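Peer 1: Below is a structure I'd like to ask you about.
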Amino acid sequence: MPYIDPHIHMVSRTTDDYARMAEAGCIAVTEPAFWAGFDRSNPAGFFDYFRQLTDTEPKRAARYGIAHYCWLCINPKEAEDVGFAREVMGLIPEFLDRPNVLGIGEIGLNKNSRNELVILEEQIELARRHDRLILVHTPHLEDKLKGTRLIIDALRNAAVDPGRVLIDHVEEHTVAQVLDAGFWAGMTLYPDSKCTPQRAVDIIECYGRERIWINSAGDWGPSDPLAVPKCHVEMRRRGHGEDLTRRISLENPLAFLGQCPSFQPRI
Ligand SMILES: [Zn+2]
């Protein structure tokens, strides 16, 4: 079945991963800008990272028939230094009109600190000014529930249309407040943290199939670029039909991402 992995950090993956994802039915990926596993020593490091996301990676993906899209931002983990973060934000506008750029992400909070919140608010404003979609990262190590509340408050204060925002890494204790507020929700499937495929299917069975998707968030750490098709196996094992897998991993991503006119993967 054709599917979309809407959150995966392909710059950290090998070409073998692209090949295996294509064999499993992956037709498109979207790659948020994130922390590289180390803090960049200079904002100019992000200039090259944005070039990689908007030029190199789409070409690499195309060799496997996979459409590659991306999101740009300064990630919350490197947003503690407000001056540094603002320099990175200053680089973003010149990349926004590149053909594979969907919007601003993954912005959000890491330690729920005051400075992270300042930069989050400024990046929400950047997206609003350029009328772009937003992809949000919610904290893993600190209080996810509190972080999600702070993020929702910041989005509401900026009067952003919740239908144009996806809040990612939701879990059992945060999914309801995200969906009830009208936002889209993403579940991240990780082998040893975040959601397992079983927990993700439990959540879908409890909260329904509206405005929700799954992703692998495959990166440089322990993660699985085939987590999405493996979750489809869990859905089938429980007796769900292809209508559910299509809805979660094709129709929902197409509906949300399709709000950006340049998102046109070949199905
Ligand atoms: Zn990520």
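Peer 1: Among all residue pairs at least 6 apart or on different chains, which show Cβ distances below 6 Å where the first residue, located in the range 1-16, is of a type in the set (D, E, K, R) and the second is outside any helix (DSSP H, G or I) and more than 11 Å from the ligand (Cβ to nearest atom)?
Peer 2: From residues that are of a type in the set (D, E, K, R), the pairs are Asp5/Cys26; Asp5/Val29; Arg13/Pro225.
Peer 1: Among the numbered conditions (1) surrounded by fewer than 24 Cβ atoms within 10 Å (Cβ to Cβ); (2) of a type in the set (Ser, Thr, Tyr); (3) more than 25 Å from Val201 (Cα to Cα), tell me where Thr174 comes up short.
Peer 2: Every listed condition holds for Thr174 apart from (3).
Peer 1: Let me ask something additional. Mind listing whichever residues of the range 8-34 are part of a loop (DSSP other than H, G, I, E, B) and within 20 Å of Leu133 (Cα to Cα)?
Peer 2: Hits for the range 8-34 are Ile8, His9, Ala33, Phe34.
Peer 1: So, one more: For the range 67-85, how many residues are small (Gly, Ala, Ser) and part of a loop (DSSP other than H, G, I, E, B)?
Peer 2: Number satisfying all stated conditions: 1.
Peer 1: Ok, one more. I'd like the full set of residues that are small (Gly, Ala, Ser) and within 20 Å of Leu96 (Cβ to Cβ), limited to the range 1-49.
Peer 2: Matches in the range 1-49: Ala28, Ala33, Ala44, Gly45.
Peer 1: Additional query: Please go through the range 134-160 and pick out each residue that is exposed (fewer than 14 other Cβ atoms within 10 Å of the Cβ) and either under 27 Å from Cys260 (Cα atoms) or among the hydroxyl-bearing types (Ser, Thr, Tyr) (or both).
Peer 2: Correct list: Asp153, Arg156, Asn157, Ala159.
Peer 1: Additional query: Output the residue which, of all residues in the range 22-43 that are hydrophobic (A, V, I, L, M, F, W, C) and within 16 Å of the ligand (Cβ to nearest atom), is farthest from Asn110 (Cα to Cα).
Peer 2: Top of the filtered list is Val29.
None of the figures in this text is laboratory data; all of them are computed from the coordinates on show. Worth saying up front: this structure is predicted, and the values here are computed from it rather than measured. Cβ sites come from the backbone with ideal geometry, for glycine too, and all protein chains shown count toward neighbours.
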